[in-house]
Every structure is written in structure tokens, then in C-alpha cells.
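Below: one structure, written as C-alpha cells.
The values are calculated or read from the model by the stated rules, or taken from the named source; none is laboratory data. Given the structure is predicted, the values throughout are model-derived calculations rather than measurements. Cβ placement follows ideal geometry from the backbone for every residue including glycine, while neighbour counts extend to all protein chains displayed. Please note that ligands, DNA and RNA were not included when accessible areas were found on the heavy atoms of the full protein model with its side chains. Shrake-Rupley method; radii C 1.70, N 1.55, O 1.52, S 1.80 Å.
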Amino acid sequence: MNINQNYKNLNESYLFSTIAKKVNEFATANPDKEIIKLGIGDVTLPLCPAVIEAMHSAVDEMGKKETFKGYGPEQGYDFLKTSIRNYYQNRNVTLALDEIFISDGAKSDLGNILDLFDKDNTVLIPDPVYPVYVDTNIMANRKIFYINANEENDFLPVPDCEERCDLIYICSPNNPTGAVYNREQLSAWVDYANKNGAIILFDAAYESFISDENLPRSIYEIDGAKQCAIEFCSFSKTAGFTGTRCGYTVVPKELVFDNMSLNKMWLRRQTTKFNGVPYIVQKGAAAVFTDKGQKQIQENLNYYKQNAKVIADTLDRLNIKYTGGKNSPYIWLKCPNNLNSWDFFDLLLTKAGVVGTPGAGFGKNGEKYFRLTSFNTLEKTKEAMERFEKLFG
Ligand code: MLT
């Protein structure tokens, strides 16, 4: 029996598990210290009332013989797909219902989508990056090329790669840097992909944090994108579904390679390996798109944006450089005193009891950087930044 030896090439544990372990060890050794977590991008506000109401009534339906549901369609119920289609249509992106696939979140789909592609495909990944893109390709032993995202290009690299890559990962608003591509920059990627017969895997998980109307929230706002891009999105950060689990992936029918339709392949993959998202959860997700739901989630998004401003204002006062925080829940800062990111992590944890994410966990270009999230409560964010200011002021 041969096992997948590629796992030997992964870091011993997933970035956020490593951090959780370190924080738990510190908490056990220092039970009197109050730790404030601005590390993993996990939300703190509860599901909004519109979602809860919809889920309660779905629970009642499940309890009655006449309305009980067993297996649903693996690719999601039409009521939710219709709401998503209308959401895209508001931005003049027309999708067919069968181009939308409901799942338990963007992370699973970003990993699972690789089932559709040959192991010999090459991959282009910006550095720094959400570690899932890298790790899932290491597991399959694909050749990975990196493109630098750094201060020189405002953490928004555009194609400059000599190599012809088959799969290109783009996350905008970006995790971890919070930087957002404008239309022109995204068009450059779409043109590059179309010219090279490559596929863009576009992670739009943070699209709802974009306040600037001029910035694209979907890659399909760019001409030619349906010929080269798959888009992943999620209710996790938009509507507080990190623990509830629901997301969606758009696979346009235009994506045909070697006479094979990626849309049909993804449907085949999902119907074979996935039994769909619970009805109750999909009902809750659909409520996000009602007028009431949209208003309520916007209040939550504004709350997190206010936190981001607290963080940004502190960094401004301390003269610490950063990106993000305006159209993104993440703030990516340059470590003070030229510290390495893991040293900075230790310092901030031990001296201030504040947890963030070391930039090195996202790639070599993150070595001197650090990520803070705006997902904690306002009170705790203020307290964390007061401690931060005391330490570095
Ligand atoms: C993060 O902190 O980068 C995210 O919470 C990870 C994720 O969404 O899986």
C-alpha cells in the first residue's frame, strides 16, 4: 500500500491550528491574563434575526410529515440559487441557476475543485496567500509558482510570470493583505488567463466588505471572465456563517476545455461526493438576500468596519504602515522594529495578551508582516489596540 507521500511536504500543522495551540499553551500557563483574539478571521456577532426566523420556520417544516425534506439536490435548492442569481444580477452579472452550486463553504470548494484538474497542471499563487491554496496543491504534488505581492506593487501583483501557468489563484479583497484589485488590474488577469488557456480560481469570500462602489465584487464584472474563471463565495464573513456553514461556487458553462465542460464535471463531482447543505441552513442563507436580511447583515458589516477603523487609527497614530481595513476585514501591518512575524506574534501575545496572525504563515513575503482582524467585539478591539499602543507607543 502506498500512501500519499506529498503530505510530508506540508507544514506539520495548518497555520490556524498552530496558532490555536500556541495560544492555548500560553493561556494555560497564564490563567490570570485576559487574551484578546484578533487572529483567525472568525466572526463574533450572532446570526441576524431574519436568518434565525427563516431557520426556525425551516425546523418546523422538518418536523411535519407534509413539509419534511430528506435528501435535497446536491447542488443546492433553487430558492437559494435564485436569490444568489438575483444578487449577481444587481451588479449586471447574469448567471443561470445551474451555474451556481451551493456548498458548505469556500474552503471545501477551493480544495475540492482540484478534482477537476490534472496533477500535471502548474499553479500560480500570490505570496502571501490564504494557506489553503498552497496546501491543497502540495497534497497533489502540483508544481507551484509564486508571484510576489509586496509593498512595491501595493500587494496587488499583476501578471508578469514567464512561466505559463494553468491554474491561477486570486483572492480579492485579499486574505491576508486586505488589498483589493480594481477593474483594470483584474482585467489584466482575465486577459492573461484567456491568452494562456488558464483558469482563474477567484476567491470572493470578502466581497461584502467592499464599500468603494468602483471596485469589482465579482470577477464576472470583468469582460471575458466567464471564459476563464470559477468564483468561490461564502456566507461565513458576510452573514456570520462560520459555524453554520454555507457557501457557493459559480462555474460558468463557457468553461469548456478539451471538449469537457467544467460545469458538468463539477456537477458530476458534487453529485458523487457530496449530499448537499442542510435544508435548514439553506433557508437561513436565502434569508440573507431578503430586504430585512440585507439591512441586518449590513449593520453587522458596519460594526466590523468600525473595528477596522479602530485598528487603523491606532496604527496611524503609531506611524505603522499597513494595508487593508477599508474594503476588507483584515489589516496587514508592517511589524514594528523590523521584527520577524513570529517574534512579533510572541511579543504581542506575552506582553499585551493580544493574538494576531504572523505574516510568515501566509508565505515568505509575509515574514515582516502581521495580520489583525476586525471580527472581535468593539470593546475588545478597543482594549486590544490600547494595549498595542502602550507597547509600541
Ligand atoms: C482566516 O483567518 O484566514 C480565515 O478565517 C480562514 C478561513 O476562512 O478558513
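Indicate the gyration tensor shape class of segment 183-268 (rounded, prolate or oblate), computed on the Cα atoms with a ≥ b ≥ c the square roots of the eigenvalues: a/c under 1.5 is rounded; otherwise a/b larger than b/c is prolate and the rest oblate.
Here segment 183-268 falls in the oblate category.
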### Message
Per DSSP helix of 4 or more residues, -39500 (n - 2.57); summed, then divided by the residues of the chain. What does that give at 222 nm, rounded to the nearest 500?
### Response
-11500 deg cm²/dmol
### Carbon plus sulfur fraction of accessible area for the chain, probe 1.4 Å, in percent
49 percent
### Query
Over segment 226-305, what is the mean sequence separation of C-alpha contacts under 8 Å (at least six apart), divided by residue count, expressed as relative contact order in percent?
26 percent
### Message
Can you give me the accessible area per residue for the chain, using a 1.4 Å probe, in Å²?
### Response
45 Å²
### Query
Amide H to amide H under 5 Å from L95: which residues, 5+ apart in sequence or cross-chain, H placed 1.01 Å off N in plane?
none
#### Entry: Within segment 1-64, GluC sites (Glu not before Pro) in DSSP loop having at most 14 other beta-carbon neighbours inside 10 Å
E12, E34
#### Entry: segment 49-290, relative contact order [Cα under 8 Å, separation at least 6], %
27 percent
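Quick one: order M265, M260 from most to least accessible surface, probe 1.4 Å.
Accessible-area ranking of M265, M260, largest first: M260, M265.
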## Note on the structure
Cross-link reach from K33 to lysines, straight Cα distance under 19 Å and at least 8 residues apart if same chain, gives K21, K22, K351, K380, K382, K390
### Summary
By the Cα gyration tensor axes a ≥ b ≥ c (a/c under 1.5 gives rounded; else a/b larger than b/c gives prolate, otherwise oblate), the shape of segment 339-382 is oblate
### Message
Out of all DSSP beta bridges in segment 49-290, what portion is antiparallel? Express it as a percent rounded to 5.
### Response
35 percent
#### Entry: Whether the chain is rounded, prolate or oblate, judged on the alpha carbon gyration tensor where a/c under 1.5 counts as rounded
oblate
### Query
Rounded to the nearest 20 Debye, what is the dipole magnitude of segment 49-290 about its Cα centre when Lys and Arg each give +1 and Asp and Glu each give -1 at the C-beta?
1000 debye
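Determine, from the Cβ-Cβ distance of N214 and K65 and an R0 of 56 Å, the FRET efficiency 1/(1 + (r/R0)^6), rounded to the nearest 0.05.
Step by step, r from the Cβ atoms, then E = 0.60.
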### Task
Check the straight Cα-Cα distances from K273 and name the lysines below 17 Å, setting aside those fewer than 8 residues away within the same chain.
K107, K264
